[in-house]
1. Using DSSP, restrict attention to beta bridges with both residues in the chain and report what percent are antiparallel, rounded to the nearest 5.
2. On a full-extension model of 0.36 nm per residue, what is the gain between residue 33 and residue 373, subtracting their alpha-carbon distance, rounded to one decimal in nm?
3. Tell me, in nm to one decimal, what length is gained between residue 407 and residue 420 on full extension, where the rule is 0.36 nm per residue of separation less the Cα-Cα distance?
4. Using the Kirkwood radius over Cα pairs, work out the Stokes-Einstein diffusion coefficient for the stretch 148-224 at 4 °C and 1.567 mPa s, in µm²/s as a whole number.
5. Would you mind checking the radius of gyration and Dmax of the stretch 234-388 based on alpha-carbon positions, in Å?
6. State, to one decimal in nm, how far the label point of residue 120 lies from the label point of residue 400, with both points 7 Å from Cα in the Cβ direction.
7. Taking Rh as the Kirkwood radius computed over C-alpha pairs, what is the Stokes-Einstein D of the stretch 379-425 at 20 °C in a medium of viscosity 1.002 mPa s, expressed in µm² per second?
8. Given contacts defined as C-alpha pairs under 8 Å and at least six residues apart, what's the relative contact order of the chain, whole-number percent?
Amino acid sequence: MKLYSTNNPGLTVDFKEAVFNSMPQDKGLYMPDTITPLDAEFLDNIEMCSLEQIAFKVANHILDGAIPEDDLKSIVADAINFPAPVVKLDEDTYVLELFHGPSLAFKDFGARFMSRVMGYFMEDGEKTLNVLVATSGDTGGAVALGFLGVENTQVTILYPRGKVSLIQELQLTTNGQNIRAVEIDGTFDDCQALVKQAFTDKDLNEKFRLTSANSINIARLIPQTFYYFNAYAQLKRQGKTDIIFSVPSGNFGNIGAGLLAWKLGLPVKHFIAATNINDTVPQFLQTGVYTPKPSVATLSNAMDVGNPSNWVRIMNLFHDDAEALKEVVTGYSYDDGQTADAVNVVFEDYQYVVCPHTAIAWMAIGQYRYDSRDNTSTAVFLSTAHPCKFPDVYEGKIKDSITIPDQVADLLGKPKQSVEMGADYESFKNYLLNS
């Protein structure tokens, strides 16, 4: 498997280098050199396959020999060992639950797969691997649990102070061992900018072996394609193949993975990019003008991204043809008031509790159906996190109906361990050099 930089298609590396270096020195992102559709026989009979079988088939196809098949099967079996069920709300509306992993968020798919791939490629005697990650909410917990106790690794998680939920903060600040958390006095975009600058810093790269666990790392993106194929397989068993996916979108890795799955042959009719008021992409899709802006804090904090990193990958998939992109992707945005109302409506209509990110994806389905006059397709909205991670969002009957998983209850008595820091790069660089 070869990958190229989105800033320089002539620069290619193998999969191992892309995993460990995360981002090319030219500040582009790595993309597969070739994206060929999966074989028709597999897609025609996908409903006969389990999630693990689908994950191996898709990974093996994308990686194209980068990891021997037997080793890749072991990695997939170890990493993707929890379900991702499609749950019916009504005849034409389903929710894809992606919160059944250890951190209760969809990012367990990427973090667990990536940590095991990195462990597979690590060789005796190599320098400690320093993993840097910025989080707006759920990435931190997934990465922390994915790498906790992994030998010869040090993980540094940056998160915006006061802009993640209590459970999210506890998931990334109570681990100890090889996991450390840094509270940045700023936004997620500030955290992300610090991580990106570190990767191109000569001094840091000479001293450390740096890599990223954000979705800028291609090893995070690949396993997120698995659940799109698996959702299609589940619905095909029910005779439904005309499918639309509505994806809660912040840094746009999740919908980026869906579009990669589409390029690999998954027969999806349309994608909806559903955001909160951090609406850089929906505005672009409506106006044709891409204008990054500072992120704003919302109830759906994991989507508080004003300049999504993975957008360059999505444009790259469409060869920077915005009109071709609009044929496949529609964007909508919603404020906190609409989000809270949607949480209540979903519970009243279906006795189902959605997290604020998931509520936004559900709202977007209704708007897309109205705008497109499409009332025949099956719509699937992605549930990206367990509602227990956002206790301040709920009250009354909804709050009482939420079951608290054991792993969350265990967190509440643990002490927080973090370092507070400003958003200036020199402070962060000095911290890395001297800690």
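Coordinate-derived values only; no laboratory data. Owing to the predicted nature of the structure, the values given are computational and were not obtained by experimental measurement. Methodologically, a virtual Cβ is constructed for each residue, glycine included, from the backbone with ideal geometry; neighbour enumeration extends over all protein chains shown.
1. Once the DSSP bridges in the chain are tallied, antiparallel ones form about 25 percent.
2. Gain on stretching residue 33 to residue 373: 118.7 nm.
3. Gain on extension, residue 407 to residue 420, equals 2.1 nm.
4. It comes out at roughly 94 µm²/s.
5. So, for the stretch 234-388, Rg and Dmax equal 15.0, 44 Å respectively.
6. Result for the modelled spin labels: 4.9 nm.
7. Diffusion coefficient, whole number: 153 µm²/s.
8. Contact order relative to length: 19 percent.
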